[in-house]
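The values are calculated or read from the model by the stated rules, or taken from the named source; none is laboratory data. Fair warning: this is a prediction, and the values are worked out from it, not measured in the lab. Methodologically, a virtual Cβ is constructed for each residue, glycine included, from the backbone with ideal geometry; neighbour enumeration extends over all protein chains shown. All accessible areas refer to the heavy atoms of the entire protein, side chains included, with ligands and DNA or RNA removed. Shrake-Rupley method; radii C 1.70, N 1.55, O 1.52, S 1.80 Å.
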Amino acid sequence: MSYSPSAAATPAATPEATSVMDLTYRKIAWRLIPFLVFLFVLAWIDRVNVGFAKLQMLQDLQFSEAIYGLGAGIFFIGYFLFEVPSNLLLEKIGARKTLARITILWGLASMAMAYVTTPTSFYILRFLLGIFEAGFFPGVVLYLTYWFPAQRRARVNGLFMTSFAIAGAVGGPIAGFIMSSMEGVGHLANWQWLFIIEGIPSLLAGFAVLAWLPEKPANAKWLTESEKSAVTQALAAENSAPGKHFSFKQACSNYRVWICAAVYFCVVSGNATIAFWAPSIIKEIGVKGNLQIGLISAIPFVAGTLAMIWNGFHSDKTGERRLHSAVATLIACIGLVATGMSLGNATLALCSLTLAAVGILAAFPVFWSIPAAFLAGTAAAGGIALINSIGNLAGFVAPYMIGALKTSTGSLSSGLYFVAALEFLASFLVVLFVRKH
């Protein structure tokens, strides 16, 4: 796969014009990115708070580790089935309606998780949560292509995807606090309060989407007419460049889309591992108390946030994608292997888990600049969703395999080695199929 940030057929810009455009894109970023980050933080917290609920829920409901692993992962089956239709619908009806619908429904599903009583109800609600959230992440990735050209996209993706790390950094302590402070309140268990309290903000945020997000630059009241025109013309010129695919059928027939899907599957396996199993890993290395587990679980995500921002900015600055992706996933592989080997040593295990999080999270913003370089229009809507939906099947495979391997072996190590192998495969595929330019 080839990528060059200068691929768009745009005229040469003077330093003064470049400076004006920099200010325009900075204005757009400040208006859109914080709100989109906030939305994804809510989505991520509602997706993975089951990892904290697990600390008490399994005992209360008499669920095994395998039941938890299947329930945590089955979210991604619903996600897989409905993601492409959701993104194609976004292309037709617009981002505001699509993102509002998604946010409201996942908030309701998350709150309903408080009333799980059997494995079947656990599986059904996790599946529904996946259906309702389907389309949010690729929808935002597509939405950002309506505003930012390719040469600015890795850093913008990086800023948006800090939501992964921010959610982990703030979600852990918040979940730990709720679990610690709500035990015995009313007639509900602490894990039930966790689902209810963390679902309410998502429900309210869905209505805020309609008031805050403009569809495209032409609809932004906070841009001047000249700013709207400049951004629209730059994107139109880029999307008309040779080599862009414009139909979903063309995207599906392009081998690069399927390579991207395979790479993303491997990357997501690591992300799902640290999201769903970090609390259990931290508990296994000897940390006691829900609040303490929540606070310590934030450390890997804080480090991952910094790595994600730096890798996205540095990749845009140099125009290099392949090594920025491959080295990140290789670091993730090393960190996961080291975590599995050091579970008996709390300090070393935490450092290794942090290293894994750094590699996993740093890979995301650079990866998403690759498919956006050769897809446009409906091909971008469907292709990005297809890559994300197939890749997110790893969110089912990884938690389930780790749960099954722990049930059979009694240790988390074998599952961590399995995911590490997938991260290594991601590095191999990127080096093999993605050219530097």
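State which residue is nearest to residue 267 (Cα to Cα) when the search covers only region 314-368 and only residues that are among the β-branched types (Val, Ile, Thr), open to solvent by less than 10 Å² (accessible area, probe 1.4 Å) and at pLDDT below 90.
At the first step, the residues of region 314-368 found to be among the β-branched types (Val, Ile, Thr) are 318, 327, 329, 331, 334, 337, 339, 347, 354, 358, 360, 366.
Within this subset, residues satisfying the condition of being open to solvent by less than 10 Å² (accessible area, probe 1.4 Å) are 329, 339, 360, 366.
Within this subset, residues satisfying the condition of being at pLDDT below 90 are 339, 366.
Details: 339: 17, 366: 12 Å.
Here the answer is 366.
Restricted to region 82-120, and to residues that are open to solvent by 40 Å² or more (accessible area, probe 1.4 Å) and among the aromatic types (Phe, Trp, Tyr), which residue is nearest to residue 53 (Cα to Cα)?
First, pick out the residues of region 82-120 that are open to solvent by 40 Å² or more (accessible area, probe 1.4 Å): 82, 85, 88-89, 91-93, 96-97, 101, 105, 108, 111, 115, 117-120.
Still in the list and also among the aromatic types (Phe, Trp, Tyr): 82, 115.
Working: 82: 26, 115: 12 Å.
Looking at the filtered set, the residue picked out is 115.
Going through region 247-279 one residue at a time, which ones are among the small types (Gly, Ala, Ser), in a helix (DSSP H, G or I) and surrounded by fewer than 24 Cβ atoms within 10 Å (Cβ to Cβ)? If you could, list the steps in order and put the result at the bottom.
To start, the set of residues in region 247-279 that are among the small types (Gly, Ala, Ser) comprises 247, 251, 253, 261-262, 269-270, 272, 275, 278.
If we keep only those that are in a helix (DSSP H, G or I) too, we end up with 251, 261-262, 269-270, 272, 275, 278.
Across region 247-279, the qualifying residues are 261, 262.
When the residues of region 408-419 are narrowed to those that are at pLDDT 80 or above and not small (Gly, Ala, Ser), which ends up farthest from the chain's Cα centre (by Cα)?
409
Quick check on my filter: what residues within region 280-302 are open to solvent by 30 Å² or more (accessible area, probe 1.4 Å) and either under 16 Å from residue 157 (Cα atoms) or part of a helix (DSSP H, G or I) (or both)?
Just the residues of region 280-302 that are open to solvent by 30 Å² or more (accessible area, probe 1.4 Å), to begin with: 283-284, 286, 288-292, 295-296, 299, 302.
Once the filter is applied, which keeps residues that are open to solvent by 30 Å² or more (accessible area, probe 1.4 Å) and either under 16 Å from residue 157 (Cα atoms) or part of a helix (DSSP H, G or I) (or both), region 280-302 yields 283, 284, 290, 291, 292, 295, 296, 299, 302.
How many residues does region 120-165 contain that are in contact with a Gly (Cβ under 7 Å, 6 or more places away or on another chain) and of a type in the set (Val, Ile, Thr)?
Residues meeting the conditions: 1.
Can you tell me which of (1) open to solvent by 10 Å² or more (accessible area, probe 1.4 Å); (2) farther than 27 Å from residue 126 by Cα; (3) touching a residue at least 24 places away in the same chain (Cβ under 8 Å) is the one residue 432 doesn't meet?
(3)
List every residue pair whose Cβ atoms sit under 7 Å apart, with the two residues 6 or more apart in sequence or on different chains, where the first one lies in region 392-412 and is of a type outside the set (A, V, I, L, M, F, W, C) and the second, anywhere, is open to solvent by 40 Å² or more (accessible area, probe 1.4 Å) and outside any helix (DSSP H, G or I).
Here the result reads 407/64, each pair linking region 392-412 to a residue that is open to solvent by 40 Å² or more (accessible area, probe 1.4 Å) and outside any helix (DSSP H, G or I).
Condition test on residue 380, is it farther than 20 Å from residue 47 by Cα and either out of contact with any Phe, Trp or Tyr (no Cβ under 7 Å at 6 or more places or on another chain) or crowded, with 24+ Cβ neighbours inside 10 Å (or both)? Walk me through how you get there before you give the answer.
On the way: farther than 20 Å from residue 47 by Cα: yes; either out of contact with any Phe, Trp or Tyr (no Cβ under 7 Å at 6 or more places or on another chain) or crowded, with 24+ Cβ neighbours inside 10 Å (or both): yes.
Yes, satisfied.
Return the pair list, or none, for Cβ contacts closer than 7 Å from residues in region 220-233 that are in a helix (DSSP H, G or I) to residues that are among the hydrophobic types (A, V, I, L, M, F, W, C) and surrounded by fewer than 19 Cβ atoms within 10 Å (Cβ to Cβ), at least 6 apart or on different chains.
As it stands, the answer is 228/218; 230/21; 232/218, since those pairs meet every condition given.
Conditions tested, residue by residue: (1) more than 30 Å from residue 151 (Cβ to Cβ); (2) assigned to a helix (DSSP H, G or I); (3) open to solvent by 20 Å² or more (accessible area, probe 1.4 Å).
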position	(1), (2), (3)
24	no, yes, no
32	no, yes, no
35	no, yes, yes
38	no, yes, yes
51	yes, yes, no
56	yes, yes, yes
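Out of 398, 426, I need the residue that is farther than 18 Å from residue 283 by Cα and in contact with a Cys (Cβ under 6 Å, 6 or more places away or on another chain). Which one?
Values: 398 fails: in contact with a Cys (Cβ under 6 Å, 6 or more places away or on another chain).
Within the list 398, 426, the selection yields 426.
Tell me, yes or no, whether region 394-414 has at least one residue that is open to solvent by 10 Å² or more (accessible area, probe 1.4 Å) and under 30 Å from residue 143 (Cα atoms).
Yes; the residues of region 394-414 include at least one that is open to solvent by 10 Å² or more (accessible area, probe 1.4 Å) and under 30 Å from residue 143 (Cα atoms).
For every residue, the table says whether it meets (1) closer than 30 Å to residue 311 by Cα; (2) in contact with a Leu (Cβ under 8 Å, 6 or more places away or on another chain).
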residue: 149; (1), (2): yes, yes
residue: 158; (1), (2): yes, no
residue: 170; (1), (2): yes, no
residue: 184; (1), (2): no, no
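Of the residues in region 415-426, how many are under 24 Å from residue 373 (Cα atoms) and buried (at least 24 other Cβ atoms within 10 Å of the Cβ)?
So the count comes out to 2.
Pairs under 8 Å by beta carbon, first residue more than 26 Å from residue 309 (Cβ to Cβ) in region 328-345, partner part of a loop (DSSP other than H, G, I, E, B), six or more apart or different chains?
Within 8 Å, the pairs are 340/412; 343/285; 343/411; 343/412; 344/285; 345/285.
Checking residue 169 against (1) modelled with pLDDT of 85 or more; (2) of a type in the set (A, V, I, L, M); (3) in contact with a Ser or Thr (Cβ under 9 Å, 6 or more places away or on another chain); (4) under 25 Å from residue 367 (Cα atoms), which single condition isn't satisfied?
For residue 169, the exception is condition (1).
In the list 154, 189, 134, which residue meets the criterion of being modelled with pLDDT under 80, on the phi < 0 side of the Ramachandran plot and in contact with a helix residue (DSSP H, G or I) (Cβ under 7 Å, 6 or more places away or on another chain)? Lay out the reasoning, then the answer.
Numbers: 189 fails: modelled with pLDDT under 80; 134 fails: modelled with pLDDT under 80.
Exactly one residue qualifies, and that residue is 154.
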